[in-house]
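Q: Have a look at the structure that comes next, please.
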Amino acid sequence: QKNVGILAVEIYFPPTCVQQEALEAHDGVSKGKYTIGLGQDCLAFCTEVEDVISMSLTAVTSLLEKYGIDPKQIGRLEVGSETVIDKSKSIKTFLMQIFEETGNTDIEGVDSTNACYGGTAALLNCVNWVESSSWDGRYGLVVCTDSAVYAEGPARPTGGAAAIAMLIGPDAPIAFESKIRGSHMSHVYDFYKPNLASEYPVVDGKLSQTCYLMAVDSCYNRLCNKYEKFEGKQFSVDDADYFVFHSPYNKLVQKSFARLLFNDFLRNASSINEAAKEKLAPFSTLTGDESYQSRDLEKATQQVAKALYDAKVQPTTLVPKQVGNMYTASLYAAFASLIHKKHSSLVGQRIVMFSYGSGLTATMFSFRVRECQHPFSLSNIAAVMNVDKKLKSRHEFPPEKFVETMKVMEHRYGAKDFVTSKDCSLLAPGTYYLTEVDSMYRRFYAKK
Ligand code: ACO
């Protein structure tokens, strides 16, 4: 198969959100800590009527409907998520309700889990299936769905929630450049969920930041080496039009892109002009470890990177800044932001993606954008996602109500035998919502 990749995208995030500025005041931290320090504007969260299953039901039905895809045309369905609702039964099986109705139960694939990386694992599986000898000519469907919630404290403002559905097949407008890719995987305890009674992770914030940046470096260098091997020339940030990063919060994305330029400097690549060389020269002898600790280096690289960041990264930041960390959906929500902003000028361009899941697993890979016919044109994908409208029609909750909701959700996590308020007044028509969890822990959903 040629040009296998993403044919269509739909994104869903809860309409309920809290402003980071209001959260700063409520939490009693210094003004600017979340908005400038973390670089975040707003945070979306599930209320008691929404969860990762309802969000993914909404995203999948909306994608099938809006792109006119018959559910019988799906041959593989893979879900990436780190939000555990059941330790055995996959989220994929809940989504089968949509397909069973049409008589299609012949659908391979289950869930993939490793922190924020599960969606990328699901995507690579689907792409590999379409490229393989077992492909039966039907579409693959990838769903990333997560509700990112943290215990009270410094990590809480980095929460978020969303589901993204992506249709996979050949002749795609967003085609994988399969040869250009680098991974880095290792055993660390930076962020993990060992307490099965709680939805909250155990997180070593500082370690997770360093692990993320080390993974950026390692993946980028591997990607560069592979490019050089196959293309016979050096790779630098000049060779891609956009860089899309998994976005726990925007500040880390700024630092990550700056790291790519530092790597280019160390490799003596063409993206680094004389002025930049001069600025970075004092740091050329730092060891790897020292380089992650040096505030001066961080400042210098961010200065060198500023103009390129604005051009190659800034257009990818809208949804992650407005919704927060969406775990598995975070990278693809950043990508959705790019389509939303730049759909009319992306054809022919190369987009480098960086996926990171704590624990840790990371891959950097590349897309090439192609012209495609309706409904798989980029302008139609942007129209279907309708990001502006979804963002504008949200309802801001005061921080007190957000905290109250988090408390309710703590009690509901892992609970049985309850009915929800069934209040779907804030949800858009077509949105699925949770109505009941019965005495056997079976979950029931309705569609508005
Ligand atoms: N105005 C402007 N900037 C400020 C202000 C202020 N008033 N106050 C603080 N800042 C800056 C800090 O200088 C810091 O910037 P820096 O990163 O450039 O040093 C930034 O705001 C954050 O402040 P810290 O004191 O470092 O924040 P804290 O340690 O309290 O929490 C953290 C930040 C560790 C990211 C926390 O939110 C967390 O643990 N999040 C979850 C883990 C995470 O997302 N890790 C990323 C990779 S793993 C994953 O994807 C889950």
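The values are calculated or read from the model by the stated rules, or taken from the named source; none is laboratory data. Model, not experiment: these values are computed from the prediction. In this analysis, Cβ positions are derived from the backbone assuming ideal geometry, glycine residues included, and neighbour counts consider all displayed protein chains. Heads up: the accessible areas ignore ligands, DNA and RNA and are worked out on the full protein's heavy atoms, side chains in. Shrake-Rupley method; radii C 1.70, N 1.55, O 1.52, S 1.80 Å.
Q: Counting only protein heavy atoms, what percent of the accessible surface of the chain is carbon or sulfur at a 1.4 Å probe?
A: Carbon plus sulfur share of accessible area: 50 percent.
Q: What relative contact order, as a whole-number percentage, does region 197-326 give when Cα pairs under 8 Å and 6 or more residues apart are counted?
A: 30 percent
Q: Here's a follow-up. For region 220-298, rounded, prolate or oblate, judged on the Cα gyration tensor with a ≥ b ≥ c (square roots of eigenvalues), a/c < 1.5 rounded, else prolate if a/b > b/c?
A: oblate
Q: Per residue, how large is the accessible surface of region 256-379? Use a 1.4 angstrom probe and give square angstrom.
A: Spelled out: the 1.4 Å probe surface of region 256-379, per residue, equals 39 Å².
Q: Counting just the Cα atoms, what span does region 23-107 cover along each of its three principal axes? Round to the nearest Å and put the largest first.
A: So the extents along the principal axes, rounded to whole Å, are 56, 32, 21.
Q: So, one more: Can you give the accessible area of Ile36, probe radius 1.4 Å, in Å² rounded to 10?
A: Its accessible surface works out to 130 Å², give or take rounding.
Q: Something else about it: Name the residue, out of Ile85, Ile351, Ile164, whose mean-square fluctuation peaks in a Gaussian network model built on the chain with Cα pairs under 10 Å.
A: Ile85
Q: Shifting gears a bit: Within 10 Å, count the other beta carbons around each residue, average over each peptide in 184-195, 124-135, and list them highest first.
A: Per-residue mean Cβ counts within 10 Å order the peptides as 124-135, 184-195.
Q: Quick one: what do you get for region 239-358 if you divide its Cα Rg by 2.2 N^0.38 Å?
A: Computed over Cα atoms of region 239-358, the ratio equals 1.09.
Q: Whole number in Å², please: accessible area per residue of region 11-105, 1.4 Å probe, ligands, DNA and RNA not counted.
A: 36 Å²
Q: Then there's this: For Arg442, what accessible surface area do you get with a 1.4 Å probe? Give it in Å², rounded to 10.
A: 130 Å²
Q: Continuing with the same structure: Out of every Cα pair in region 82-241, what percent are spaced more than 28 Å from each other?
A: Counting pairs separated by more than 28 Å, the tail of P(r) holds 37 percent.
Q: Excluding Asp111 itself, calculate the net charge of residues whose Cβ lies under 15 Å from the Cβ of Asp111, where each Lys or Arg counts +1 and each Asp or Glu counts -1.
A: Result for the local shell: -1.
Q: Along the charge dipole of the chain, which of Ile174, Thr328, Leu266 sits closest to the positive end, that is, farthest toward it, with unit charges on the beta carbon of Lys, Arg, Asp and Glu (+1, +1, -1, -1)?
A: The Cα lying farthest towards the positive end belongs to Leu266.
Q: For Thr420, Thr287, give me the order by solvent-accessible area with a 1.4 Å probe, most accessible first, ignoring ligands, DNA and RNA.
A: Accessible-area ranking of Thr420, Thr287, largest first: Thr287, Thr420.
Q: Now a separate question. Expressed in whole Å with the largest first, what are the equivalent ellipsoid semi-axes of region 264-325 derived from the C-alpha gyration tensor as the square root of 5 times each eigenvalue?
A: Equivalent ellipsoid of region 264-325: 25, 16, 9 Å, largest first.
Q: Okay, moving on. From Cα pairs below 8 angstrom and at least 6 apart in sequence, can you work out the relative contact order of region 285-384, rounded to a whole percent?
A: 18 percent
Q: Once Rh is set to the Kirkwood radius over Cα pairs, what Stokes-Einstein translational diffusion coefficient, in µm²/s, holds for region 154-235 at a temperature of 25 °C and a viscosity of 0.890 mPa s?
A: 151 µm²/s
Q: While we're looking at this one, here's another question. Helix-only estimate, please: 222 nm mean residue ellipticity of the chain, summing -39500 (n - 2.57) across DSSP H runs of length 4 or more and dividing by its residues, to the nearest 500.
A: About -11500 deg cm²/dmol.
Q: Between Lys72 and Ala311, what length comes free when the chain is fully extended (0.36 nm per residue of separation minus the Cα-Cα distance, one decimal in nm)?
A: Result for the pair: 81.9 nm of gain on full extension.
Q: Also: For region 18-159, what percent of Cα pairs sit more than 26 Å apart?
A: 37 percent
Q: Could you give me the radius of gyration and the Dmax of region 324-414, taking only the C-alpha atoms into account and expressing both in angstrom?
A: Reported Rg and Dmax, both Å: 17.6, 50.
Q: Here's something else I'd like to know. Please give the residues of region 168-185, grouped as numeric ranges, whose backbone N is less than 14 Å from a label point set 7 Å along the Cα-to-Cβ vector of Lys226.
A: 176-185
Q: Moving to a separate point now. Explain nothing, just the number: dipole magnitude of region 122-248 about its Cα centre with +1 on each Lys and Arg Cβ and -1 on each Asp and Glu Cβ, in debye rounded to the nearest 20.
A: Roughly 220 debye for region 122-248.
Q: Right, here's the next one. Using the alpha carbon gyration tensor of the chain, what are the three equivalent-ellipsoid semi-axes (square root of 5 times each eigenvalue), largest first, in whole Å?
A: So the equivalent ellipsoid measures 34, 27, 19 Å along its semi-axes.
Q: Local charge sum around Arg350 (other residues, Cβ-Cβ under 11 Å, Lys/Arg +1, Asp/Glu -1)?
A: Combined, the nearby Lys, Arg, Asp and Glu give -2.
Q: What order do Thr58, Thr93 take when sorted by accessible area (1.4 Å probe), most exposed first?
A: Solvent-accessible surface, decreasing: Thr93, Thr58.
Q: Just reorder Asp438, Asp204 by solvent-accessible area, largest first, 1.4 Å probe, all chains present.
A: Heavy-atom accessible area, descending, gives Asp204, Asp438.
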